[in-house]
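Shown next, in structure tokens, is the structure this report addresses.
The values are calculated or read from the model by the stated rules, or taken from the named source; none is laboratory data. Since the structure is predicted, the reported quantities are computational estimates derived from the model, not experimental observations. Positions of Cβ are generated from backbone atoms using ideal geometry, with glycine treated the same way; all protein chains shown enter the neighbour counts.
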């Protein structure tokens, strides 16, 4: 691993000429460097698997994705880059498994259409994206196993999210949900939901009448009264994990 972050005087061209000597380099961290373009020499790092470009908001993503398409990048961190619309050529990153897009503004539906074309994508972070709603195209992400949508302003989920047939775990804490989203019942691979620190007061009746694989639920810090908590404990009594750790509400 090589970490070159926070060096504002770094000469990227010279640095990458030196990096070319590290043929076995797998992890490269280039955070907070005011990067616009990466030198083409990055394509010589044939063993590079993880790349972090946090806090480089002027990135030329089209150029960078073209370069990375020639490598076997499995983890890419683009956190805090003020991205609103991903370029379509992100679909060239066919080896990527984990993609961190936290602290951006990915509200446009096309972002999720493009991401759906990454066949190996396993984990996706879109937390802290100022999302008031998820676009219907989120359902196209049928390959995802772990979805992070926490720290947004979501009040409900689109029906199309039920088309995410493979997702195991959803992190949805710190949003504005007032009830446990009923869409989770229709997600046939969903095992675990973190939905702490919302405004949930009730659990829809569908959780009493339908069968579903969900078996773990974190409801910490939601304003659920004691009567509803007792009802919920009965509904989810077979869960391997059920948590109500919370502030006291009268």
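Being within 21 Å of residue 78 (Cβ to Cβ), in contact with a helix residue (DSSP H, G or I) (Cβ under 9 Å, 6 or more places away or on another chain) and not in a helix (DSSP H, G or I) is the filter here, so list the residues in region 8-35 that pass it.
25, 28, 30, 33, 35, listed by residue number.
Counting only residues that are touching a helix residue (DSSP H, G or I) at 6+ places or on another chain (Cβ under 8 Å) and in a loop (DSSP other than H, G, I, E, B), which one in region 150-180 is surrounded by the most Cβ atoms within 10 Å (Cβ to Cβ)?
180
Return yes when residue 126 is surrounded by 20 or more Cβ atoms within 10 Å (Cβ to Cβ), in contact (Cβ under 8 Å) with a residue 12 or more places away in the chain, in the same structural domain as residue 151 (by TED's automatic domain parsing) and under 26 Å from residue 166 (Cβ atoms) and no when it is not.
yes
In region 37-50, how many residues are within 21 Å of residue 124 (Cα to Cα) and either touching a helix residue (DSSP H, G or I) at 6+ places or on another chain (Cβ under 7 Å) or surrounded by fewer than 20 Cβ atoms within 10 Å (Cβ to Cβ) (or both)?
Here the count works out to 2.
Right, residue 34: loosely packed, with under 13 Cβ neighbours inside 10 Å, modelled with pLDDT of 95 or more and closer than 21 Å to residue 86 by Cβ or not?
It is true that residue 34 is loosely packed, with under 13 Cβ neighbours inside 10 Å, modelled with pLDDT of 95 or more and closer than 21 Å to residue 86 by Cβ.
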